[in-house]
Ligand code: ATP
Ligand code: MG
C-alpha cells in the first residue's frame with residue numbers, strides 16, 4: 001500500500017454561498033496535504049485521530065480498505081486515536097435501531113480483530129458521552145438550512161433511506177458528526193470518499209466557531225480537521241454501487257470462507273470474456289479486480305492481465321481466493337475474541353469514561369468562550 005493521501009478539504013461552493021456569516025477561511029491555518037502526511041511520520045504525537053462507524057451491521061471490506069487499515073497504521077505509529085460507534089446516527093435513516101447492542105459489540109470485535117488496542121485507542125458509543133452531544137446546539141447555529149440541504153451525502157442517504165419522510169436528525173447528521181470530530185479536537189479523520197462533504201461541514205463549523213468565539217488571547221478553540229483517504233476510498237459492492245452495510249451488497253470482514261465465495265459468486269459482472277481494468281466503462285469488473293489487487297498488494301491491471309480471457313468465472317475465483325487468504329488471520333483473531341462479550345462491553349465502558357472526560361473539558365472551554373456562566 002502506498003501512503004494515504006490527505007484530501008485537503010477545499011472550501012466548497014456551498015460553504016462560499018453560506019447565508020450564515022462566515023468569515024473567509026484562514027488559509028495559513030490549513031496545512032498543505034504533503035505537510036500533514038510528512039508530519040504524520042515525523043511526529044505522530046502531534047496528531048489526534050477520530051474515526052467511526054454506524055452500528056447498522058457488520059463491518060465490510062469497504063471499511064477495511066477504506067479506513068480501518070489506515071486507522072490501524074496510524075495507531076501503530078503512535079497517533080492518539082478515538083473511535084466512535086455512532087449509535088444515535090443509526091436512527092437518521094430508519095425508525096428503529098435494530099439489534100443495536102449486538103451490532104455495537106460486533107463493531108468493537110471488528111476493531112480489535114483488525115488490530116486496534118483498546119488500551120491505546122479510545123473506543124466508545126457517542127450516546128454514552130452526553131457532553132459530546134451538547135456541542136451540537138452551538139454548532140447547529142453555525143450552519144444554514146440551505147447548506148445542509150445541499151449536502152450530497154445527505155441527499156444520497158435520503159435516497160436510500162428506509163423512512164417515508166426525512167427526519168430532522170437525518171438533516172442535522174453532518175453537524176452531529178462535527179461534534180463527534182471536534183469534541184476531542186481531532187485533526188485527522190480517516191474516512192471513505194462519501195464522508196468528504198461531512199468533513200467539509202466539520203471544517204466549516206470549526207472555522208466559524210473559532211472566528212466567532214476566540215479565546216481572550218485570540219487563539220482558536222478547534223483545529224481544522226483533515227480527511228485521510230486511502231487507496232480505496234470507495235470500494236464497490238457486489239451490485240456495482242458503493243459497498244454498504246445497509247444495501248445488501250457487502251462482504252463482511254467476519255464472513256466465513258464459504259459465505260465469501262457465495263457472495264462473490266453472486267456479484268454482477270458483464271458478458272465480455274476478456275478481463276480488463278476499466279473503471280469507467282466496466283465498473284463491476286473493475287471493482288472485483290480492485291478487491292483482488294488490494295488483497296494481493298498488486299495493481300488491478302496486473303491481476304486483469306493474469307486472468308486474460310478467463311471471464312467472470314476465473315475473475316470471481318481469483319477474488320474469492322485472494323479475499324479468503326488475506327483475511328484468514330483477522331478472521332481467526334475475530335473468532336477467538338468473539339467468545340468474550342463481557343470484554344467488548346468493558347472496552348466500551350472504559351472508552352466512554354475516557355471520551356467523557358475529554359468531552360467535558362471541551363464543553364467547559366466552549367461555554368467559557370461563549371460567555372456562559
Ligand atoms: P450504512 O449503509 O449503514 O451507511 P456504511 O457501509 O456506509 O453503512 P458507515 O458506517 O456509514 O458504513 O461508514 C463508516 C466509514 O467507512 C466511513 O468513513 C465511510 O466513508 C467508510 N466506508 C463505508 N463504505 C465504504 C466503501 N465502500 N469504501 C470505502 N470506504 C467506505
Ligand atoms: Mg454510510
Between residue 302 and residue 46, Cβ-based FRET efficiency (R0 41 Å, step 0.05) works out to 0.65
Principal-axis tilt of helix 168-182 within the chain, Cα atoms, nearest 10 degrees | 80 degrees
Bridge orientation stat for the chain from DSSP, antiparallel percent rounded to 5, came to 25 percent
222 nm mean residue ellipticity, helices alone, for the chain (DSSP H n ≥ 4; -39,500 (n - 2.57); rounded to 500) = -15000 deg cm²/dmol
Spin-label pair residue 350/residue 159, simplified geometry with 7 Å Cα→Cβ offset, distance in nm = 4.3 nm
Between residue 333 and residue 278, with labels modelled 7 Å along Cα→Cβ, what's the label distance in nm to one decimal, could you check?
-> 4.0 nm
Could you calculate the contour length gain from residue 360 to residue 259, that is, 0.36 nm times the residue separation minus the distance between their Cα atoms, to one decimal place in nm?
-> 32.0 nm
Say we join alpha carbon atoms closer than 10 Å with springs in a Gaussian network model of the chain; which of 89, 77, 177 then has the biggest fluctuation?
-> 77
For residue 372 and residue 99 in the same chain, what is the full-extension length gain: residue separation times 0.36 nm, less their Cα-Cα distance, in nm?
-> 94.4 nm
Mean shadow area (nm²) of the C-alpha convex hull around the chain is 18.9 nm²
If you build a Gaussian network model of the chain, linking Cα atoms that sit under 10 Å apart, which residue out of 100, 253, 235 swings the most?
-> 100
Compare the peptides 286-294, 328-336, 79-87 by average per-residue count of other Cβ atoms within 10 angstrom and give them in order, highest first.
-> 286-294, 79-87, 328-336
Between residue 340 and residue 247, what is the FRET efficiency for a Förster distance of 35 Å, r being their Cβ-Cβ separation, to the nearest 0.05?
-> 0.70
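Since every read-out is calculated from the coordinates, none of them should be taken as a lab result. Keep in mind the model is a prediction, meaning the values are calculated, not measured. Positions of Cβ are backbone-derived with ideal geometry, glycine not excepted, and every protein chain shown enters the neighbour counts.
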